[in-house]
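Have a look at the structure below before the remarks.
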Amino acid sequence: QDLSGGELQRFAAACTMCRDADVYMFDEVTSFLDIKQRLQVTEVLRNLVHGGKEEWGEDVDMVVSKKYVIVVEHDLAVLDYMSDFVQCLYGAPGAYGVVTSRSRVRNGINQFLAGYIPSDNMRFRSYALTFKVTTSDFLVQKDDELEDGAERVGDEAMGTLRYPNMQKVRQRKGEDGEVISKFTLNIKSGSFSDCECIVMMGENGTGKTTFMELLAGRNKEQRGKEAAIGSYEADNQESFDNASNPSLAALGVAYKPQALNPKLRKFRGSVNDLLERDINRALLDRLFRLLVLKPLGMETLGDLSVSSLSGGEMQRLSIVLCLGTPALVYLIDEPSAGLDCEQRVIAAKVMKRWVVNHMKRTIFLVEHDFVMASSMADKVIVFEGNPGIEATALAPCSVADGFNSFLKTLDVTFRKDPINLRPRINKKNSRLDKLQKSMGEYYLFDVVDDDGVDDDDL
């Protein structure tokens, strides 16, 4: 009963793996896990089939598999890493579904993203999902093309703000008042500016959500008494007695917490009723309806009762409510939870296009899906330390430095697919894995042309 979502997920996976069986089935086994735990689970799943780490990555096809593992997974990077073959599913949600024939991992995932199955001559999506960044992806509308009466956004420039060194200590006490556990988060000073998406990367229990709550001003010791980040009091808090950690609350913050708001489940009414109550002003904006509501599928959910929504539908609704709230800084914690792989790609583009490129605002994002994080990041905050005991949030750095620093601690290398530029994890001890580690480039930003060579040879 005391286990968190991630701990319960690992316990359930371990119980399944310990059983003696010929076929193992896992449904979204990496949900609630950080990227390090996802890779650890992947290695154990591979070892169930291939019999040991020494057989993984070298002549995988030559190993005779005595067991079969079937996995349903939405994280494309992890799915690519763990699978020998894939089968894709397409159709209309709630109406019908079609399962494709078995294909190699790279071909299967790329065909799904392209929306076209060549073997069946079937196009199930009118557009392709790609990670190529072009100017037209983020081109919204020029000021002189705005409708009469439409609000011009981005005029209130925030500039560059700097937050000081901060520390947060969380203690859990027993019934007798004795301290049972203690966690300390040390935050190094850093800065951020308009039109940026800062991604926080680290293991579970290193204080990413705690940092978000500090920025939102939701801690008990703050309660409106804290100074605003960027003010004189925040920059010189050593000179003030009993000064609490500063926050962004005074500047205007829209916060989507990690856990879905339980108050939404208690709302008696339809999705349209909730949207009109909370973000009625945003609904009047034609661009908001075009760039946010339509891609996230709110039109199909409008007449449904909020209490009857599934986890993924509730997640999309929470994202819409956050993006529709006027603010200078948007704090979004794990938006991919409950979303399928297609919805994750769409949600990432919606958030980046609306907040960063159209609103000219700033996003602080916590995300474990590396595909989603890499497609949105402009800067990276890396969390280091001992999970649950003490951790440090480093200052925001460039994407290259942040990714390489974080992936080095995981001993994992990434490359980009030449077709759609999606991040792919190199097989352990493969040629490209050893080459990138020797060069110190754990995330390869340049595209490697595979020339049709299979993953195991890379």
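In nm, to one decimal, how far is the Arg286 label point from the Glu175 one, both placed 7 Å along Cα→Cβ?
Calculated label separation equals 6.5 nm.
Could you state the accessible area per residue of the range 309-458 in Å², with a 1.4 Å probe and every protein chain left in place?
Details: 4870 Å² over 150 residues.
About 32 Å² of surface per residue is accessible.
Please tell me which of these pairs span more than 22 angstrom C-alpha to C-alpha: Lys66/Lys434; Lys208/Lys427; Lys182/Lys208; Lys168/Lys220?
Working: Lys66/Lys434 29 Å; Lys208/Lys427 29 Å; Lys182/Lys208 16 Å; Lys168/Lys220 11 Å.
Violating the 22 Å Cα-Cα cut-off are Lys66/Lys434; Lys208/Lys427.
Could you tell me which of rounded, prolate or oblate describes the range 258-348, using a ≥ b ≥ c as the square roots of the eigenvalues of the alpha-carbon gyration tensor, with rounded for a/c under 1.5 and, failing that, prolate when a/b is larger than b/c and oblate otherwise?
Numbers: a/c = 1.23, a/b = 1.00, b/c = 1.23.
The shape class here is rounded.
Points 7 angstrom from Cα along the Cβ direction at Glu221 and Asp446: gap in nanometres?
So the two model labels end up 4.8 nm from each other.
What order, most packed first, do the peptides 333-346, 102-115 have when packing is the mean number of other Cβ atoms within 10 Å of each residue?
Values: 333-346: 20.8, 102-115: 18.4.
Per-residue Cβ counts within 10 Å, averaged per peptide and sorted highest first, yield 333-346, 102-115.
The values are calculated or read from the model by the stated rules, or taken from the named source; none is laboratory data. Everything quoted here is computed from the prediction, not taken from an experiment. Glycine also receives a Cβ, built like all others from the backbone with ideal geometry; neighbour counts cover every protein chain displayed. Heavy atoms of the whole protein, side chains included, go into the accessibility calculation; ligands, DNA and RNA do not. Shrake-Rupley method; radii C 1.70, N 1.55, O 1.52, S 1.80 Å.
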